[in-house]
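Enquirer: Would you mind keeping the following structure in view while I ask a few things?
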Amino acid sequence: MTRASEQLSADPVFDRETLLKRATVGALALGLGPLLSGCGNKKSDTEVVRGSGEFAQTPSWEQDFSSMPEGPINPTVWNFELNPEVPGYNNEQQGYTDSVKNVRIEDGLLIIEAHKEPYQYPNDPESRAFRYTSGRIDTRSSLAFEHGKVEVNMRLPEGAGVWPAFWFLSANNPYTSKLHPTDEDWQKPRFYLKDGELDGLEYYGDNPGMIEATVHTFVESFSKQVPLTDATEKFHTYGVELTPQKIVWTLDSKPYYSVKKPSDNPDEWAFGNGNKLYMILNLAMGGTASGEIDDSKAPWRMEVGNIRFYEYTGE
């Protein structure tokens, strides 16, 4: 996420990567300096070109929620993010839960719903208190890919302070793991970005009518905002195409932004070369990127109709 992709607790290196990713994501979205000393967030005017890559005609991985029973999501497909440290890194106001109140299938849709209610994580040694509950889920157990196309059909929540997104992190951390990182390494600004981050879509409730696409590398970040006035009223299909030479973002199958691979230097382009990405869906509330929350809009619903992944077949 320019937010700123579990058995999080089972892998301490991966855990730190995810946490630090969330720590910086809000600052990346707004170009804020305090969290990212000396790092750039370039608002690129890269020419929009249709992805030259070819993709399979039918998805190899799909979640069609209209065909699924109501109730909890499938735990063999989705992992819940339940680490109590994660929301605090962006000064977000929600705690993430695995409750069906926050994440469920209902009326043929995946619902990620935030509620205004006090929350503390069970067994949190620091007893952190949050003012809202919400959900964050990912595909680490079911989908991780090097190149391909992902399309998510969804309707976004309305109201100042909401921060929904779908985005990608490395599942295998090929570059950071080679460095045998220490705790001090993980505290360095942008260290986790040696494995890259790809943000398919972000929406900020205090900037309605705009959507944002972003890619982060260790040395630079590129992002673009484009107008979309009915994102909270209608379902749209948001896509991202990752090929060996470029990334293309699409809206209802039409490209609106692209970034080309600048070099083979992994600090400038971490994607490919065995780096596997997994997808995250979440609804954050408040924090460094999304501002004050309008409680009159509660509860807030991120509604997903389907998600499809298409294999990359060549250029």
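The values are calculated or read from the model by the stated rules, or taken from the named source; none is laboratory data. Quick caveat, the model's predicted, so the values are computed rather than measured. Glycine also receives a Cβ, built like all others from the backbone with ideal geometry; neighbour counts cover every protein chain displayed.
Enquirer: When the residues of segment 130-148 are filtered to those that are surrounded by fewer than 22 Cβ atoms within 10 Å (Cβ to Cβ) and small (Gly, Ala, Ser), which remaining residue is farthest from Val103 (Cα to Cα)?
Expert: Only one residue fits best here, namely Ala144.
Enquirer: Could you please let me know if Tyr256 is hydroxyl-bearing (Ser, Thr, Tyr), modelled with pLDDT of 95 or more, more than 15 Å from Met154 (Cα to Cα) and in a strand (DSSP E or B)?
Expert: yes
Enquirer: Return yes when Pro262 is farther than 17 Å from Trp167 by Cβ, assigned to a strand (DSSP E or B) and modelled with pLDDT of 95 or more and no when it is not.
Expert: No: the conditions fail for Pro262.
Enquirer: I've got another one for you. Any residue in segment 256-263 that is among the small types (Gly, Ala, Ser), surrounded by 18 or more Cβ atoms within 10 Å (Cβ to Cβ) and farther than 30 Å from Gln94 by Cβ?
Expert: Yes; the residues of segment 256-263 include at least one that is among the small types (Gly, Ala, Ser), surrounded by 18 or more Cβ atoms within 10 Å (Cβ to Cβ) and farther than 30 Å from Gln94 by Cβ.
Enquirer: Residue check: is Glu151 within 21 Å of the chain's Cα centre (by Cα) and surrounded by 17 or more Cβ atoms within 10 Å (Cβ to Cβ)?
Expert: For Glu151, the condition - within 21 Å of the chain's Cα centre (by Cα) and surrounded by 17 or more Cβ atoms within 10 Å (Cβ to Cβ) - is met.
Enquirer: Continuing with the same structure: Can you tell me which residues in segment 265-290 are in a strand (DSSP E or B), of a type in the set (A, V, I, L, M) and more than 21 Å from Val103 (Cα to Cα)?
Expert: Within segment 265-290, Leu277 is the sole residue that qualifies.
Enquirer: Follow-up. So which residues in segment 258-315 are of a type in the set (A, V, I, L, M) and within 30 Å of Arg131 (Cβ to Cβ), if there are any at all?
Expert: Passing the criteria: Met279, Ile280, Leu281, Leu283, Ala284, Met285, Ala289, Ile293, Ala298, Met302, Val304, Ile307.
Enquirer: Yes or no: Gly33 at pLDDT below 50 and surrounded by fewer than 20 Cβ atoms within 10 Å (Cβ to Cβ)?
Expert: In short, yes.
Enquirer: Can you tell me which condition Asn90 does not meet? The list is (1) under 16 Å from the mean Cα position of the chain (by Cα); (2) crowded, with 21+ Cβ neighbours inside 10 Å; (3) within 22 Å of Leu143 (Cα to Cα); (4) not aromatic (Phe, Trp, Tyr), and all the others hold.
Expert: It is condition (3) that Asn90 fails.
Enquirer: Do you know which of the residues in segment 142-176 that are of a type in the set (A, V, I, L, M) and in a strand (DSSP E or B) is nearest to Pro244 (Cα to Cα)?
Expert: Val150
A quick yes/no check of all residues on (1) buried (at least 24 other Cβ atoms within 10 Å of the Cβ); (2) modelled with pLDDT of 95 or more; (3) under 16 Å from the mean Cα position of the chain (by Cα); (4) of a type in the set (Ser, Thr, Tyr):
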| site | (1), (2), (3), (4) |
| --- | --- |
| Leu277 | yes, yes, yes, no |
| Leu281 | yes, yes, yes, no |
| Met285 | yes, yes, yes, no |
| Gly291 | no, no, no, no |
| Ser296 | no, yes, no, yes |
| Val304 | no, yes, yes, no |
| Phe309 | no, yes, yes, no |
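Rundown of residues vs (1) crowded, with 19+ Cβ neighbours inside 10 Å; (2) touching a Pro at 6+ places or on another chain (Cβ under 7 Å); (3) within 13 Å of Phe271 (Cβ to Cβ), yes/no style:
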{"site": "Asn207", "(1), (2), (3)": "no, no, no"}
{"site": "Ala213", "(1), (2), (3)": "yes, no, no"}
{"site": "Val219", "(1), (2), (3)": "no, no, no"}
{"site": "Phe222", "(1), (2), (3)": "yes, no, yes"}
{"site": "Leu228", "(1), (2), (3)": "yes, no, no"}
{"site": "Lys234", "(1), (2), (3)": "no, no, no"}
{"site": "Tyr238", "(1), (2), (3)": "yes, no, no"}
{"site": "Glu241", "(1), (2), (3)": "yes, no, yes"}
{"site": "Gln245", "(1), (2), (3)": "no, no, yes"}
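Enquirer: I've got another one for you. Going residue by residue through segment 73-86, is there one that turns out to be at pLDDT 95 or above, under 17 Å from the mean Cα position of the chain (by Cα), farther than 21 Å from Val240 by Cα and not in a strand (DSSP E or B)?
Expert: yes
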